[in-house]
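Have a look at the structure below, then the notes.
The values are calculated or read from the model by the stated rules, or taken from the named source; none is laboratory data. As the structure is a prediction and not an experimental result, all values here were calculated from the model. When we count neighbours, we look across all protein chains shown, and the Cβ atoms used for this are built from the backbone with ideal geometry, even at glycine.
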C-alpha cells in the first residue's frame, strides 16, 4: 500500500508539473492580455512535432532549444498579423479566431507530418533509472521533467513579480497609454508576451512528446484540462495555476492507482442494490473509471464555492 501511494504521488507530481508547463503559457497570456487562447494546446502539439523533426537530424537537445523558439516566433506572428486585428472587435472575435487557428494548426500538422504516431524518443543520456524503490524504477527523464517545470515556475514568478520587465508588462495591461507615453512600445510588449506564452506551450510539447506520444490528437487530450487548471487556479494567477496543476495531477494519479469503487463505499454505508435495480450499473463504477472526469468535477465544486478560483482576485 505504501509502495502504491509513493509512486502514485511521484507520477501525480510529474503529471501536474507537465500540466503546469502547458498552463503557465496560457496563464501568462491571459494575465497580461486578457485573451483566452483556444489554440494554446495546438502550439503545444506543434512544439512536439518540431522537436521530433529536429531530433531526427540534430538530436533531442537541439530540438529542446530550437522547437520552442520556432513555436514562439509563430505565436508572435499570429498575434501581430491576426489576433491584433480582431482584438478591436472584442473577446468573442478573439475566441473565434483562436478556435479557428487551433483547427488550422491541427490540419497543417496532419498535412506535413501525416496522421500516424511519431517515434519521438527521449535522449539516451537520460535513459536510466534515477532511483529504485520497492523494486520499481523512477526514470531519470521524469526527474528531468520535474526539474524543467520547477525552473519555469521560479523564473516566471521572479520575472513577473521582481523584475523591471514584469512591472512594465503588468502596467501595460492596466495603463497602456501611460506606459506608451513613457516611451515603451505597448503593441510590441503584447506580441512578445504572446510569443513567450506560446513558446512555453511548445516547450511543454517538447518535454511531453516522448512520454505521452506524439500524434495529431495530443492537443485534444490536454486542451480542455489546461482551461480547467487556469479557471481552478484563478484566471491570470501563475501561483494558482501551479497549485491547480499539482492538485489535478495528484487527484488523477491517486484515482488511477486506487482500487476503490462505489461498491466499497456502499458496503461501508450498509447500502446495497438488487441486481435488477436501475442504478445497479451506476453504483458499480470504480474510481479509476471516473478518473478522467475528476478534474471537471473539481472545476464545478470550485466554481460553486469560490467562483474566482483558488487564488483569483475578485473584480471590484
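Output yes when any residue across segment 242-256 is surrounded by fewer than 19 Cβ atoms within 10 Å (Cβ to Cβ), in contact with a strand residue (DSSP E or B) (Cβ under 6 Å, 6 or more places away or on another chain), more than 30 Å from residue 112 (Cβ to Cβ) and modelled with pLDDT of 75 or more, and no when none is.
Among the residues of segment 242-256, not one is surrounded by fewer than 19 Cβ atoms within 10 Å (Cβ to Cβ), in contact with a strand residue (DSSP E or B) (Cβ under 6 Å, 6 or more places away or on another chain), more than 30 Å from residue 112 (Cβ to Cβ) and modelled with pLDDT of 75 or more, which makes the answer no.
Of all residues in segment 133-185 being free of Cβ contacts under 8 Å to residues at least 40 places away in the same chain, closer than 17 Å to residue 27 by Cβ and within 21 Å of the chain's Cα centre (by Cα), which is surrounded by the most Cβ atoms within 10 Å (Cβ to Cβ)?
Here the answer is 159.
Is it true that some residue in segment 299-314 is at pLDDT below 75 and either touching a strand residue (DSSP E or B) at 6+ places or on another chain (Cβ under 6 Å) or exposed (fewer than 13 other Cβ atoms within 10 Å of the Cβ) (or both)?
The answer is yes, given that some residue of segment 299-314 is at pLDDT below 75 and either touching a strand residue (DSSP E or B) at 6+ places or on another chain (Cβ under 6 Å) or exposed (fewer than 13 other Cβ atoms within 10 Å of the Cβ) (or both).
Just checking, how many residues over segment 207-237 are outside any helix (DSSP H, G or I) and either farther than 26 Å from residue 311 by Cα or without any contact (Cβ under 8 Å) to a residue 24 or more places away in the chain (or both)?
5
Hey, does segment 198-212 have a residue that's more than 30 Å from residue 166 (Cα to Cα), crowded, with 20+ Cβ neighbours inside 10 Å and at pLDDT 85 or above?
Yes; the residues of segment 198-212 include at least one that is more than 30 Å from residue 166 (Cα to Cα), crowded, with 20+ Cβ neighbours inside 10 Å and at pLDDT 85 or above.
So which helices (runs of 4 or more DSSP H) are wholly in segment 1-106 and hold at least 2 residues that are within 29 Å of residue 243 (Cβ to Cβ)?
Result: 2-33, 40-58, 60-78.
Can you find a residue in segment 198-206 that is over 26 Å from residue 227 (Cα atoms) and either part of a helix (DSSP H, G or I) or touching a helix residue (DSSP H, G or I) at 6+ places or on another chain (Cβ under 6 Å) (or both)?
No: zero hits.
So which residues in segment 86-98 are in contact (Cβ under 8 Å) with a residue 12 or more places away in the chain and exposed (fewer than 13 other Cβ atoms within 10 Å of the Cβ)?
The one that is in contact (Cβ under 8 Å) with a residue 12 or more places away in the chain and exposed (fewer than 13 other Cβ atoms within 10 Å of the Cβ): 91.
Going by the conditions given, is residue 219 closer than 30 Å to residue 152 by Cβ, surrounded by 15 or more Cβ atoms within 10 Å (Cβ to Cβ), within 17 Å of the chain's Cα centre (by Cα) and at pLDDT 70 or above?
Yes, satisfied.
What are the residues in segment 114-132 that are touching a helix residue (DSSP H, G or I) at 6+ places or on another chain (Cβ under 9 Å) and either surrounded by 16 or more Cβ atoms within 10 Å (Cβ to Cβ) or farther than 20 Å from residue 52 by Cα (or both), if any?
118, 120, 122, 123, 126, 128, 129, 130, 131
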